[in-house]
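Note sheet for the following structure.
What follows draws every value from the coordinates through simple rules; no lab data is involved. Since the model is a prediction, treat every value here as computed from it, not as a measurement. Ideal geometry is used to build each Cβ from the backbone, glycine not excepted, and the neighbour counts take in all protein chains shown.
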Amino acid sequence: MVWLASPNNPTGLSEPEGAIERLLDALATDASADASGPPYVILDEAYAEFVGRSLVGLRHRYERLVVVRTASKAYGLAGLRVGFALAARPTLARIEPYRPPGSVSVPSVTVVTEALPDRDALARSVHRIATERDRLAHELAALGWQAWPSVTNFLLVPFGSSETAADVAERLLRRGLVPRTFPAGHPLADHLRITVRSPEDDDRLLAALADATDQR
């Protein structure tokens, strides 16, 4: 099995144009593949709505491609806990026996089924998040923290050292703010991943970061 994510979490960036298509073509024609066939490829597109494109159509070309999507990010329905997979019918047939009955509640399914076709509401949500993401990145830079570019609903922010990142995270936690941290030894241990929220929530975050910066 090959697991990919585009846009990626936690970098916030998409794979280069054509990279995944080339990988699928190489896997499909790899002469070293064993008798069981090429590997299954799981493509996590949890943030695909932010870039306005999906590779789900490739499931017809590469039968073992499974595209994983969610209503938690761009649709803002994280509390409903609804994720779903799209794949060629034979691949779905192999997955379905392992899905437990009632794995998603009826209210959650009802709300998400209504939300998915509403392209206008999705466009408004994506625009709102992108606008706030740019503002948050600008304000972070003014505090001396330069976030990496992102096409998602979060920013990956380097803090120079794992010690500084841990200290800032602790100060934020004391203010009721929960950043994504990375364990010691992780390549991103000196980073925090910060979710883009409402302007009011982000202003709370910025105020807390300003205090943390002043106390360094």
*Which of the residues spanning the stretch 1-46 are assigned to a loop (DSSP other than H, G, I, E, B), among the small types (Gly, Ala, Ser) and over 29 Å from PHE182 (Cα atoms)?*
GLY18, ALA31, SER32, ALA33, ALA35, SER36, GLY37
_Among the numbered criteria (1) under 23 Å from LEU58 (Cβ atoms); (2) in a helix (DSSP H, G or I); (3) of a type outside the set (Asp, Glu), which one does THR110 miss?_
(1)
*Taking the stretch 170-203, which residues are surrounded by 15 or more Cβ atoms within 10 Å (Cβ to Cβ) and farther than 14 Å from PRO10 by Cβ?*
ARG171, LEU172, LEU177, ARG197, ASP202
*asked:* Given the condition more than 23 Å from PRO16 (Cα to Cα) and surrounded by 15 or more Cβ atoms within 10 Å (Cβ to Cβ), answer yes or no: does some residue in the stretch 145-154 qualify?
replied: yes
*asked:* Take the residues in the stretch 49-65 that are of a type in the set (A, V, I, L, M) and surrounded by fewer than 21 Cβ atoms within 10 Å (Cβ to Cβ); name whichever of them is nearest to VAL104 (Cα to Cα).
replied: VAL56
*When the stretch 176-197 is examined, which residues are found to be assigned to a loop (DSSP other than H, G, I, E, B) and under 25 Å from THR131 (Cα atoms)?*
GLY176, LEU177, VAL178, PRO179, THR181, VAL196, ARG197
_Looking only at residues that are among the hydroxyl-bearing types (Ser, Thr, Tyr) and free of Cβ contacts under 8 Å to residues at least 60 places away in the same chain in the stretch 1-32, which one is nearest to HIS191 (Cα to Cα)?_
SER6
_Looking at the stretch 47-82 only, could you name the residues that are touching a helix residue (DSSP H, G or I) at 6+ places or on another chain (Cβ under 9 Å), in a loop (DSSP other than H, G, I, E, B), more than 17 Å from VAL196 (Cβ to Cβ) and not small (Gly, Ala, Ser)?_
LEU55, ARG61, TYR62, GLU63, ARG64, ARG81, VAL82
